[in-house]
Amino acid sequence: MPTTPVTLPGDVVDLVRQAHSITVFSGAGMSAESGVPTFRDAQTGLWERYDPAALATVDAWDNDPALVWGWYLWRMKLVGDAQPNPGHRAITALADHRTVMVVTQNVDDLHERAGSNVISHLHGSLFEPRCSGCSAPYHGTGTRLPDGFDITSYTEPPRIDPPSCRECQSPVRPGVVWFGEALPRGAWQRAEHAISGSDLVLVIGTSGIVYPAAELPERALAAGTPVIEFNIDESALSPYVTRSVRTSAAVGLPALLDALGE
Ligand code: OAD
């Protein structure tokens, strides 16, 4: 991962300079330098260490809610302890001089804590648990790990029984989208609207293999809208995008601001 300053290609900077309305489409790589693990990176990715079928599906929840709830509490704590990185902050600053709409696949809140207005959390949010029966939002205290739990050790997350809904007593579930579930309709519609109303799309730190989310940059390209990717590696979108910048989010995005003179 590059940690030294990068110089961005002039045509990339020009595309951003000319844009009036930008959609930022982010994935797990956006938060990697905040210490939040991605899903598919070798060794450190969550799906390298944990089985998505046992933790991120409705069947997993039905089979073992305590295992699933404990794993999501562990992730909430990990994200809660993390801070936005310079990439998140650069996206916020980019909005000082043009419209920037953030559409994220991330379930963390680091864009928001950096000051960005996220118009769409396509895959939900770790911080919006809801009732698995009646969908009422849950605002209770049952979202904390036991005191003294060491989140830095990558051992098995704790098994914790989910709290019960105050309205209907069903178990409270994480407010995220699991494999096989539909995306929240409003989040998808806002994302579609952002993409079709933008004159540039910045794709940051996503493998681009999870659909329908990955359809969004494809739609932009089909409509003739330039798409610039920031990723430390080749992604599934790299062969198709207008320009790929091989840099990390926390290095490349501040470098972009510098090059713009902002
Ligand atoms: P992935 O883990 O699939 O991909 C992360 C991407 O970020 C890879 O392309 C990396 O090369 C890149 N990357 C890693 N570190 C980076 C950095 N510091 N700067 C820039 N790029 C970096 O994560 P997503 O694409 O977000 O869905 O995964 C998509 C969806 O799959 C997630 O939202 C989640 C997961 O299963 C659900 O949970 C529904």
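Bear in mind these aren't lab numbers, they're just calculated from the coordinates by the rules spelled out. Bear in mind the structure is a predicted one, so any value in this text is a computation, not a measurement. Cβ placement follows ideal geometry from the backbone for every residue including glycine, while neighbour counts extend to all protein chains displayed.
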(Q) Restricting to region 210-222, name every residue that is β-branched (Val, Ile, Thr) and away from the ligand (no atom under 16 Å from the Cβ). (A) none
Q) From the list Asp64, Asp96, which residue is closer than 20 Å to Val251 by Cα and over 16 Å from the mean Cα position of the chain (by Cα)? A) Asp96
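Tell me yes or no: at least one residue of region 114-122 is within 16 Å of the ligand (Cβ to nearest atom), of a type in the set (Ser, Thr, Tyr) and within 22 Å of Gln83 (Cα to Cα).
The answer is yes; a qualifying residue exists.
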Q. Does Pro212 satisfy the condition of being under 19 Å from the mean Cα position of the chain (by Cα) and under 26 Å from Trp61 (Cβ atoms)?
A. yes
Q) What helices (runs of 4 or more DSSP H), lying completely within region 21-90, carry at least 2 residues that are near the ligand (Cβ under 10 Å from one of its atoms) and buried (at least 22 other Cβ atoms within 10 Å of the Cβ)? A) 29-32
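State which residue is farthest from Ser164 (Cα to Cα) when the search covers only region 91-109 and only residues that are touching a strand residue (DSSP E or B) at 6+ places or on another chain (Cβ under 9 Å) and within 13 Å of the ligand (Cβ to nearest atom).
So, considering only residues that are touching a strand residue (DSSP E or B) at 6+ places or on another chain (Cβ under 9 Å) and within 13 Å of the ligand (Cβ to nearest atom), the one farthest from Ser164 (Cα to Cα) is Ile91.
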Q: Those residues that are among the hydrophobic types (A, V, I, L, M, F, W, C) and in contact with a helix residue (DSSP H, G or I) (Cβ under 7 Å, 6 or more places away or on another chain), I need them from region 147-175; list them, please.
A: Ile151, Ile160
(Q) Given the condition among the small types (Gly, Ala, Ser) and more than 10 Å from the ligand (Cβ to nearest atom), answer yes or no: does some residue in region 199-209 qualify? (A) no
Q. Which of the residues that make up region 1-20 are buried (at least 16 other Cβ atoms within 10 Å of the Cβ) and in a loop (DSSP other than H, G, I, E, B)?
A. Val6, Leu8, Ala19
Q: Under 9 Å between Cβ atoms, at least 6 apart or on separate chains: pull out the pairs that start in region 21-46 with a residue that is closer than 14 Å to Leu78 by Cβ and end on any residue that is charged (D, E, K, R) and within 9 Å of the ligand (Cβ to nearest atom).
A: Ala28/Arg40; Ala28/Asp41; Ala32/Asp41; Leu46/Arg40
Q: Within region 10-34, work out how many residues are under 17 Å from Ser198 (Cβ atoms) and not acidic (Asp, Glu).
A: 13
**Q.** Boolean, Ile160 is farther than 25 Å from Val13 by Cα and within 16 Å of the ligand (Cβ to nearest atom)
**A.** no
